[in-house]
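Notes to accompany the following structure.
The values are calculated or read from the model by the stated rules, or taken from the named source; none is laboratory data. What you see is a predicted model, and the numbers here were worked out from it, not measured in a lab. Cβ placement follows ideal geometry from the backbone for every residue including glycine, while neighbour counts extend to all protein chains displayed.
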Amino acid sequence: MFDPLAALDPLPSIRRNVIIASQDQPRSSLGSAAPPATPATSGAGSGRSSTVRPARRSLAGFTGAGYDKGRPVHIQALWLAVSGLVLTRWWCPGRVRVAILRAFGATIADNVLIRHRVRIHWPWKLTVGADTWIGEDTWILNLEPVTIGSDVCISQAVLLCTGSHDRRSPTFEFDNAPIVIEDGAWVAARATVLRGVTVGTDAVVGATALVTADVPAGTTVLAPRAGEVGR
C-alpha cells in the first residue's frame, strides 16, 4: 500500500525552478556560517611564518542569555516525562498525541496526523495547521517557535532545528531563530532545516537536503545525488 509519508526524493520535474541545496554557503552543524580561514603572518625578524589563532572559547562561561524556555521548571519536567513515556510510543493513538500536545500549549488545527517517535522539544512553541502530516522519527527542536502550515507533509526523520550558537561569542552563546514551513510544502525524509529558515508555500525540500536559507514558494531544493566516479 502506498504510504503518503514515504521518503521519496522528489524529481526535478515536480517544479520548474530547481535549486541545488548544496550551493548554499557552508555552515556549521547547527547553522552558523563556516568561519573564514585563519591568515598566516610572518614572525618578526625570524623569516618564519606563524599562524595567528583566535582565543579558544570557554564553554564553562556559557549563560544561555536571551533564551526563554517559556514555562517553569516543573512544567518542563512534566512534559519530558509525558513525552518519553506516552507521546512517542507506538501504542499511543494519534488523537491522544494531539490532545496531549494541546494540553501542553501547542496550537494544532483539525485533522493533523502525528506519527509515533516524533520528538517535540517544547510543545508550547509549536503551531501546526490543518490536514498536516508529521512522519516517524521527526525531531522538532523548537527552542524558538516552529510554525507549520496546512496541508504540509513532514516525512520521516526530518530535523527542524531552531537552535544554533554564535561562533564568535567567547562563551558560545545561543544564536537561535524560528522556523516557518508554509502551506502545502513537503519536507522529504531525513532533510534538515536550520534556524531562521522559511520554506515557502508549495515548496519541496528533497530527501537528505540541508537547508540553510529560505526556500521560495513553489521551488524545489535537492541534495546532491550519489553518482559513480570510478571503479
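For Val180, state whether it is surrounded by 20 or more Cβ atoms within 10 Å (Cβ to Cβ), part of a strand (DSSP E or B) and touching a residue at least 24 places away in the same chain (Cβ under 8 Å). The answer is no for Val180.
Within the stretch 49-74, the set of residues being in contact (Cβ under 8 Å) with a residue 24 or more places away in the chain, surrounded by 10 or more Cβ atoms within 10 Å (Cβ to Cβ) and more than 24 Å from the chain's Cα centre (by Cα) comprises Arg57, Ser58, Gly61. Residues in the stretch 183-196 that are closer than 7 Å to Val158 by Cβ and assigned to a strand (DSSP E or B): Val187 only.
Hey, could you check the stretch 143-185 for residues that are among the hydroxyl-bearing types (Ser, Thr, Tyr) and over 14 Å from the mean Cα position of the chain (by Cα) and say which is nearest to Val128 (Cα to Cα)? Spell out how you get there, then give the answer.
The initial filter retains those residues of the stretch 143-185 that are among the hydroxyl-bearing types (Ser, Thr, Tyr), namely 147, 150, 155, 162, 164, 169, 171.
With over 14 Å from the mean Cα position of the chain (by Cα) added as a condition, the list becomes 150, 169, 171.
Details: Ser150: 7, Ser169: 34, Thr171: 34 Å.
Restricting to residues being among the hydroxyl-bearing types (Ser, Thr, Tyr) and over 14 Å from the mean Cα position of the chain (by Cα), the top hit is Ser150.
If only one of Val197, Val146, Val205 is over 28 Å from Ala65 (Cα atoms) and in contact with a strand residue (DSSP E or B) (Cβ under 6 Å, 6 or more places away or on another chain), which one is it? Let's see the steps before the verdict.
Numbers: Val197 fails: over 28 Å from Ala65 (Cα atoms); Val146 fails: over 28 Å from Ala65 (Cα atoms).
The unique qualifying residue is Val205.
Within the stretch 107-124, track down each residue that is free of Cβ contacts under 8 Å to residues at least 40 places away in the same chain and either within 20 Å of the chain's Cα centre (by Cα) or crowded, with 16+ Cβ neighbours inside 10 Å (or both). Give the derivation first.
Here is the first cut: in the stretch 107-124, the residues free of Cβ contacts under 8 Å to residues at least 40 places away in the same chain are 107-108, 110-114, 116-121.
Correct list: Thr107, Ile108, Val112, Leu113, Ile114, His116, Arg117, Val118, Arg119, Ile120, His121.
Evaluate the following for Leu59: is it of a type in the set (A, V, I, L, M, F, W, C), touching a Phe, Trp or Tyr at 6+ places or on another chain (Cβ under 9 Å) and farther than 22 Å from Ala177 by Cα? For Leu59, the condition - of a type in the set (A, V, I, L, M, F, W, C), touching a Phe, Trp or Tyr at 6+ places or on another chain (Cβ under 9 Å) and farther than 22 Å from Ala177 by Cα - is not met.
Filtering the stretch 217-231 to residues that are surrounded by fewer than 17 Cβ atoms within 10 Å (Cβ to Cβ) and in contact (Cβ under 8 Å) with a residue 12 or more places away in the chain leaves Ala217, Gly218, Pro224, Arg225.
With the condition kept exactly as written, say whether any residue in the stretch 143-164 is free of Cβ contacts under 8 Å to residues at least 12 places away in the same chain and either assigned to a loop (DSSP other than H, G, I, E, B) or not hydrophobic (A, V, I, L, M, F, W, C) (or both). Outline the logic, then answer.
Pass one, the stretch 143-164, residues free of Cβ contacts under 8 Å to residues at least 12 places away in the same chain: none.
For the stretch 143-164, residues free of Cβ contacts under 8 Å to residues at least 12 places away in the same chain and either assigned to a loop (DSSP other than H, G, I, E, B) or not hydrophobic (A, V, I, L, M, F, W, C) (or both): absent.
Pairing each residue of the stretch 81-106 that is more than 14 Å from Gly135 (Cα to Cα) and part of a loop (DSSP other than H, G, I, E, B) with any residue that is modelled with pLDDT of 95 or more and charged (D, E, K, R), provided the two are 6+ apart or on different chains, yields C-beta distances under 9 Å for Phe104/Arg71; Gly105/Arg71; Gly105/Lys125; Ala106/Lys125.
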